[in-house]
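Enquirer: Here it is: the structure, laid out below.
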Ligand SMILES: [Zn+2]
Ligand SMILES: [Zn+2]
């Protein structure tokens, strides 16, 4: 897990995760989907992006060293916010884990 932290308006000082800007802009309980590679543990928060980009990904979206280039880029999200958005996507049946 990253040593880097951010100051979240809601959760205070937290470790950071990276998600696409659409996920950051969409506030719970709304969801734009949540797509990532499989996590290897509770503290392993993989870069995640919205499911509009799952299409892009499966149709030749760019992958660089296991990271994904999404159209509007990635940005920092606190790990608590990350987990909340993942849960919202799960509830909406829009959580996708990319295998392989
Ligand atoms: Zn997106
Ligand atoms: Zn937060």
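Enquirer: Go through the range 11-27 and give me each residue that's within 12 Å of ligand 2 (Cβ to nearest atom), outside any loop (DSSP other than H, G, I, E, B) and closer than 24 Å to residue 51 by Cβ.
Expert: Once the filter is applied, which keeps residues that are within 12 Å of ligand 2 (Cβ to nearest atom), outside any loop (DSSP other than H, G, I, E, B) and closer than 24 Å to residue 51 by Cβ, the range 11-27 yields 16, 17, 19, 24.
Enquirer: Also: Using beta carbons and a limit of 9 Å, which pairs, at least six apart or on different chains, have the first residue in the range 62-84 and modelled with pLDDT under 90 and the second one more than 15 Å from ligand 1 (Cβ to nearest atom) and outside any loop (DSSP other than H, G, I, E, B)?
Expert: Once the first residue is modelled with pLDDT under 90 and sits in the range 62-84, its partners that are more than 15 Å from ligand 1 (Cβ to nearest atom) and outside any loop (DSSP other than H, G, I, E, B) give 69/63.
The values are calculated or read from the model by the stated rules, or taken from the named source; none is laboratory data. As the structure is a computational prediction, the values presented were derived from the model and not from experiment. Positions of Cβ are backbone-derived with ideal geometry, glycine not excepted, and every protein chain shown enters the neighbour counts.
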